[in-house]
Amino acid sequence: RDRRHRSEGVGKIGVTDNRENEEKYLLYEEWLRAERSDAEIIRLTPHDGNGSSLGRCDALVLTGGGDVDPRMYGGSGNRQTLHEISVDRDRFEAEIVKRSLDAGIPILGICRGMHLVNVVLGGTLITDLEEAGHPPHRTVNGVKCRHEVRLEPGSALARHLAVDRGWVTSSHHQAVDRIGAGMTLTARSEDGVVEALELAGPNGSLRAILVQWHPERMSGTALSGGLRNLFFNSLTTK
């Protein structure tokens with residue numbers, strides 16, 4: 001079924017949390033409230049086993065974090081480059097993604113969140129970008145990774161932002177390989193890494209917006225504030 005969202009204000013936004021880094025988690029809340037200060041945030045975490053709280057949410061934000069277990073997409077779980085794999089988190093978030101898609105609850109997936117949704121929809125991941133021949137997309141020797149992304153003409157993100165490229169902050173060593181069912185490519189980096197995907201809904205709405213970069217760590221850029229505005233707009237599209 002497709003759920004109708006409130007046209008005035010946003011009630012509750014579920015935000016996933018691994019309960020391991022409070023400072024990083026709060027960046028997501030602060031970033032969301034910069035657009036809508038009255039939004040109520042509900043932490044969704046396997047530590048609390050509160051997946052049922054998704055039923056109270058108007059939207060779902062999937063945050064960054066450790067790697068998705070490669071065994072979820074047919075890979076090996078014995079790679080030395082893997083880190084912070086949590087089977088409990090993978091199962092918990094995969095379930096709430098499936099329920100959100102079924103209920104028409106809009107999803108914003110950030111970094112790991114993008115990977116998780118792609119895998120749920122039958123896609124695969126590049127297990128390690130540097131092993132695959134790409135330059136680092138992560139912090140190296142204390143230097144944060146900033147790079148340009150190019151938006152696909154005609155994508156919702158490109159139309160909403162009215163730009164065809166922009167600079168982003170990245171922190172990842174994995175990326176989307178085969179794109180999951182129903183999604184379309186929204187952006188790539190200059191070295192060809194998939195940087196954004198979108199999943200269309202009915203009547204011009206968006207069921208999911210997925211980005212590889214970290215908009216909550218960026219400011220003064222269309223690919224942070226403009227992305228956030230597009231996400232909130234997706235909640236009110238009938």
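Specify which of the listed residues (LEU223, LEU197, LEU230) is under 24 Å from CYS57 (Cα atoms), touching a residue at least 60 places away in the same chain (Cβ under 8 Å) and either open to solvent by 20 Å² or more (accessible area, probe 1.4 Å) or not in a strand (DSSP E or B) (or both).
LEU230
Report yes if SER189 is crowded, with 19+ Cβ neighbours inside 10 Å, of a type in the set (S, T, N, Q) and under 23 Å from VAL68 (Cβ atoms), otherwise no.
The answer is yes for SER189.
What pairs come out if I take residues in the stretch 95-111 that are without any contact (Cβ under 8 Å) to a residue 40 or more places away in the chain and pair them with residues that are open to solvent by 10 Å² or more (accessible area, probe 1.4 Å) whose C-beta lies under 6 Å away, six or more apart or interchain?
What qualifies is VAL97/VAL120.
Can you name every one of the strands (runs of 3 or more DSSP E) wholly within the stretch 29-133 that holds 2 or more residues which are of a type outside the set (A, V, I, L, M) and touching a strand residue (DSSP E or B) at 6+ places or on another chain (Cβ under 9 Å)?
Result: 40-44.
Out of the residues in the stretch 10-33 that are open to solvent by less than 30 Å² (accessible area, probe 1.4 Å) and over 18 Å from the mean Cα position of the chain (by Cα), state the one that is modelled with the highest pLDDT.
GLY11
Just one of HIS147, HIS160 is in a helix (DSSP H, G or I), touching a residue at least 40 places away in the same chain (Cβ under 8 Å) and more than 15 Å from the chain's Cα centre (by Cα); which is it? It would help to see each step written out before you state the result.
Details: HIS147 fails: in a helix (DSSP H, G or I).
Being in a helix (DSSP H, G or I), touching a residue at least 40 places away in the same chain (Cβ under 8 Å) and more than 15 Å from the chain's Cα centre (by Cα) holds for just one of HIS147, HIS160, which is HIS160.
Look at SER76 and say whether it is closer than 24 Å to GLY204 by Cβ and either surrounded by 14 or more Cβ atoms within 10 Å (Cβ to Cβ) or out of contact with any Gly (no Cβ under 6 Å at 6 or more places or on another chain) (or both).
Answer is no for this residue.
I'm trying to understand the selection: among the residues of the stretch 166-186, which are modelled with pLDDT of 95 or more, in a strand (DSSP E or B) and open to solvent by 10 Å² or more (accessible area, probe 1.4 Å)?
MET183, THR184, LEU185
Checking GLY204 against (1) at positive phi; (2) crowded, with 17+ Cβ neighbours inside 10 Å, only one condition comes out false. Which one?
Evaluating GLY204 over (1) at positive phi; (2) crowded, with 17+ Cβ neighbours inside 10 Å leaves (2) as the failure.
Enumerate the pairs (first residue in the stretch 54-77 and farther than 16 Å from VAL120 by Cα; second residue anywhere and polar (S, T, N, Q) and at pLDDT 95 or above) with beta-carbon separation below 7 Å, excluding pairs fewer than 6 apart on the same chain, so at least 6 apart or on different chains.
LEU54/SER100
Being within 13 Å of the chain's Cα centre (by Cα) and at negative phi: is that true of GLU190 here?
In short, no.
The values are calculated or read from the model by the stated rules, or taken from the named source; none is laboratory data. Since the structure is predicted, the reported quantities are computational estimates derived from the model, not experimental observations. Note that each Cβ is placed from the backbone with ideal geometry, even for glycine, and that neighbours are counted across all protein chains shown. Each accessible area value is taken on the protein alone, full model and side chains, heavy atoms only, with ligands, DNA and RNA left out. Shrake-Rupley method; radii C 1.70, N 1.55, O 1.52, S 1.80 Å.
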